[in-house]
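Novice: Mind looking over this structure? Questions follow.
The values are calculated or read from the model by the stated rules, or taken from the named source; none is laboratory data. From a predicted model like this one, the values you see are computed outputs, not experimental measurements. Cβ atoms come from the backbone with ideal geometry, glycine included; neighbour counts cover every protein chain shown.
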Ligand SMILES: [Zn+2]
């Protein structure tokens, strides 16, 4: 995870159709709160055609550089991606296995600040409806309740820098300074799931090779050393120069917000440029 810098102006659809539907949902709740709090009821189902519209998804994807807000994987070649609600819209669990509490944060279903772009695995298999609070008695239960009383146990990636709580031991995510937030993130988002760890490990090994190649100065070598290097690589001098140039580009981009697994890269190579 890294801090996400989203555009401040919401896609128009959310403020037009989204606002109208939020008022509709609030009216349904106000008319019959008991029915909306009943287990498994669908009274306050938000409309995916609005919060998950192509324009909303495209804006989130652009702001997050095509990466999942939690695991930082670039998944668009193999997955549709979810519009993730940081505060769950349809029901909430204080504990991962506790009962689903209704109605959830229905009034935030179209709220731009509550929306993120996530891979299906982080959203559906891991975070899902889990949204723990330090004091669950302070949870907002309906649209008139204040959110400021809540102290979420998961950091919002747009509001806090996860690097203060979460770091990496090579490719493995670890909490920083025994941070409860960091530990909660790793657990909630499945940041050490085996397949993800393998991807990060491969990515780290490729980067280490690129950093080594980027540091080579083929023109400063003695003629004998240069010939030995070219023979060992089975490449021409022009090919090696191109190889080094490409590696230098990798080095320049590896820790930018747009880079896959930038959080891991920054933890391992804090000297690499971030902008
Ligand atoms: Zn993910």
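Novice: From the list 91, 52, which residue is more than 16 Å from the ligand (Cβ to nearest atom), under 18 Å from the mean Cα position of the chain (by Cα), surrounded by 15 or more Cβ atoms within 10 Å (Cβ to Cβ) and at pLDDT 95 or above? Before you say what the answer is, go through the steps one by one.
Specialist: Numbers: 91 fails: under 18 Å from the mean Cα position of the chain (by Cα).
Just a single option satisfies the conditions, and that option is 52.
Novice: Can I ask one more? Go through the residues of the range 207-223 one by one and say whether even a single one is under 30 Å from residue 126 (Cβ atoms), in contact with a strand residue (DSSP E or B) (Cβ under 9 Å, 6 or more places away or on another chain) and modelled with pLDDT of 95 or more.
Specialist: Within the range 207-223, none of the residues are under 30 Å from residue 126 (Cβ atoms), in contact with a strand residue (DSSP E or B) (Cβ under 9 Å, 6 or more places away or on another chain) and modelled with pLDDT of 95 or more.
Novice: Could you list, in sequence order, all residues of the range 145-204 that are closer than 18 Å to residue 262 by Cα, touching a helix residue (DSSP H, G or I) at 6+ places or on another chain (Cβ under 7 Å) and within 13 Å of the ligand (Cβ to nearest atom)?
Specialist: Residues satisfying the conditions are 173, 185, 189, 190, 191, 192, 200.
Novice: Here are some conditions: (1) buried (at least 17 other Cβ atoms within 10 Å of the Cβ); (2) closer than 28 Å to residue 4 by Cα. Residue 214 meets all but one. Which one does it not meet?
Specialist: Only one criterion is unmet by residue 214, namely (2).
Novice: Residue under question is residue 117, and the condition is that it be touching a helix residue (DSSP H, G or I) at 6+ places or on another chain (Cβ under 9 Å), outside the structural domain of residue 98 (by TED's automatic domain parsing), closer than 20 Å to residue 75 by Cα and surrounded by 15 or more Cβ atoms within 10 Å (Cβ to Cβ); does it hold? Break it down into steps so the answer makes sense when it comes.
Specialist: Working: touching a helix residue (DSSP H, G or I) at 6+ places or on another chain (Cβ under 9 Å): yes; outside the structural domain of residue 98 (by TED's automatic domain parsing): no; closer than 20 Å to residue 75 by Cα: yes; surrounded by 15 or more Cβ atoms within 10 Å (Cβ to Cβ): yes.
The answer is no for residue 117.
Novice: Another question, if that's okay. I'm told residue 96 meets every condition in (1) surrounded by fewer than 18 Cβ atoms within 10 Å (Cβ to Cβ); (2) within 16 Å of the ligand (Cβ to nearest atom); (3) in contact (Cβ under 8 Å) with a residue 24 or more places away in the chain except one. Can you identify the failing condition by its number?
Specialist: (2)
Novice: Among the residues in the range 59-73, are any under 20 Å from residue 114 (Cα atoms), crowded, with 21+ Cβ neighbours inside 10 Å, more than 27 Å from the chain's Cα centre (by Cα) and in contact (Cβ under 8 Å) with a residue 60 or more places away in the chain? Walk me through how you get there before you give the answer.
Specialist: At the first step, the residues of the range 59-73 found to be under 20 Å from residue 114 (Cα atoms) are 59-72.
Filter again for crowded, with 21+ Cβ neighbours inside 10 Å, leaving 59-60, 64, 67-72.
Add one more test, that the residue is more than 27 Å from the chain's Cα centre (by Cα), and what stays is none.
No; the residues of the range 59-73 include none that is under 20 Å from residue 114 (Cα atoms), crowded, with 21+ Cβ neighbours inside 10 Å, more than 27 Å from the chain's Cα centre (by Cα) and in contact (Cβ under 8 Å) with a residue 60 or more places away in the chain.
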